[in-house]
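Everything below concerns the one structure shown next.
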Amino acid sequence: MKKPLPICVIGAGLIGARHVEVALKSDFVDLVAVVEADEARRIKLTESGLSAVSAVDDLPKNVRAAVIATPTPAHYENSMSALDKGLGVLLEKPVAATLGEARAVVDAFEKAGIPLVVGHHRRCHPFTVSAREELSSLGDLVGVQGFWSLRKNDSYFDPLWRRKPGAGPLMINLIHEIDLLNFLIGEISEVTALTSSARRKLEIEDTASLALRFENGALGSFLISDAGASPWSFEAGTFENPNIAGTGQDYIKISGTRASMEFPSRKIWRADYSGEVEWGRALSQFEAPAYNSIDPILAQMERFAAVIDGAHDDVLCTGSPGILAMEMTLATALSAKRGKPVSRGEVPQDFRGI
């Protein structure tokens, strides 16, 4: 077995703490230090036995890679600082605050030949990879329908940044769904959207409804809300997040010319007869084999470590698909603002979603 990869985590907030947690569990990485600007957090990290520094420039020289888990506005600066030190980066989504910054980050890493992975960890679940492989059995893809609605607790919005542009369910939650749809169905080319802040009455949206066009000709719809209580979401359906109550309910349905799939269960509805598949003959239900549950954050980190050591990985989200997920999420906000469809390539480089 190779030596564990010496890494650091930049940012020790909510998601940074999760990365610290899984890094300490992994045999494939060695958490050398945590970079945290807040002195009180650094003291707590030190008291827990971790090495904590205030800036990237203070990192030990043996660090080879960084997990960046700071708030989005700091992603550009943190990424460039890590690149200056030659560190491979696992960057929490979105890539940056604007498309201009995001493209500058991705271009810089590509030019330097240094790995950059964007933290769309849902790709790492075995059932997600399996679903992508099984979709070809549905025939030509026709459409997809998704419904994500989780009511966040009121105290979630106590920090000021969670009430500001970039912190609504579009950039926090929908961006994961957009990347998942890009990964499963194919790249989204156009979005038409409505947004509302009627329930929480904050500057940011609390609900959005989308119509989607995919490059392969499939169409889709998606509703997302952090104000509506429901059993339907990725987190509830998969029991992925211990802080979110699980239900085991599917929240996405995908139809093709020969069959359909429910996700994340991967339940298939297909004809078990010969001849034309048509509405006068019932489809049969086929349950998919279950997978053992994993920690996708841990799986993503260990895949990332392998990439730093030279491995090829076609599951992880790299820079270009990370930008696409960000672009079409911003396109959702822009479509709602303009009242018309927004296609890939139409989002201004400095647009922040408001």
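Some points to look at:
- Tabulated pairs, segment 260-273, first on the phi < 0 side of the Ramachandran plot, second crowded, with 19+ Cβ neighbours inside 10 Å and of a type in the set (Lys, Arg), C-beta under 8 angstrom, 6+ apart or interchain: none
- Scope segment 278-291; condition out of contact with any helix residue (DSSP H, G or I) (no Cβ under 6 Å at 6 or more places or on another chain), assigned to a loop (DSSP other than H, G, I, E, B), open to solvent by 40 Å² or more (accessible area, probe 1.4 Å) and not acidic (Asp, Glu); matching residues: Trp279, Gly280, Arg281, Ala282, Leu283, Pro289, Ala290
- Residue within segment 150-164 that is open to solvent by less than 20 Å² (accessible area, probe 1.4 Å) and either within 20 Å of Ala336 (Cα to Cα) or of a type in the set (S, T, N, Q) (or both) present: no
- In segment 1-52, the residues that are within 21 Å of Asn78 (Cα to Cα), among the acidic types (Asp, Glu) and assigned to a loop (DSSP other than H, G, I, E, B): Glu36, Asp38
- Test: Ala211 is open to solvent by 40 Å² or more (accessible area, probe 1.4 Å), under 15 Å from Arg151 (Cα atoms) and either of a type outside the set (S, T, N, Q) or part of a helix (DSSP H, G or I) (or both): no
- When every residue of segment 48-66 is checked against the conditions, at least one turns out to be within 22 Å of the chain's Cα centre (by Cα) and open to solvent by less than 60 Å² (accessible area, probe 1.4 Å).
- Residues in segment 337-351 that are in contact with a Leu (Cβ under 8 Å, 6 or more places away or on another chain) and either of a type in the set (Lys, Arg) or not in a loop (DSSP other than H, G, I, E, B) (or both): Val342, Arg344.
- Flag if Asn241 is within 16 Å of the chain's Cα centre (by Cα) and surrounded by fewer than 18 Cβ atoms within 10 Å (Cβ to Cβ): yes
- Test set (1) outside any strand (DSSP E or B); (2) in contact (Cβ under 8 Å) with a residue 60 or more places away in the chain; (3) buried (at least 16 other Cβ atoms within 10 Å of the Cβ) - Ala193 fails condition number: (1)
- Qualifying residue in segment 302-311 (condition: of a type in the set (Lys, Arg), assigned to a helix (DSSP H, G or I), modelled with pLDDT of 95 or more and loosely packed, with under 14 Cβ neighbours inside 10 Å): no
- In the set (1) open to solvent by less than 80 Å² (accessible area, probe 1.4 Å); (2) of a type in the set (Lys, Arg); (3) more than 33 Å from the chain's Cα centre (by Cα), the condition left unmet by Arg266 is number (3).
- Filtering segment 67-121 to residues that are assigned to a helix (DSSP H, G or I), polar (S, T, N, Q) and open to solvent by less than 20 Å² (accessible area, probe 1.4 Å) leaves only Ser79.
- Being over 28 Å from Cys124 (Cα atoms), surrounded by 20 or more Cβ atoms within 10 Å (Cβ to Cβ) and hydrophobic (A, V, I, L, M, F, W, C) holds for only one residue in Ile204, Ile188, and it is Ile204.
- Breaking point among (1) touching a residue at least 40 places away in the same chain (Cβ under 8 Å); (2) open to solvent by less than 10 Å² (accessible area, probe 1.4 Å), for Asn182: (2)
- Taking the criterion of being in contact (Cβ under 8 Å) with a residue 12 or more places away in the chain, open to solvent by 20 Å² or more (accessible area, probe 1.4 Å) and not basic (Lys, Arg), the residues of segment 122-142 that qualify are Pro126, Phe127, Val129, Glu134, Ser137, Gly139, Asp140, Leu141, Val142.
The values are calculated or read from the model by the stated rules, or taken from the named source; none is laboratory data. This structure is a prediction, so every number in the text was calculated from the model and none was measured. All Cβ positions, even for glycine, are placed from backbone atoms using ideal geometry, and neighbour counts span all protein chains on display. Protein only, heavy atoms only, side chains kept; ligands, DNA and RNA dropped before computing areas. Shrake-Rupley method; radii C 1.70, N 1.55, O 1.52, S 1.80 Å.
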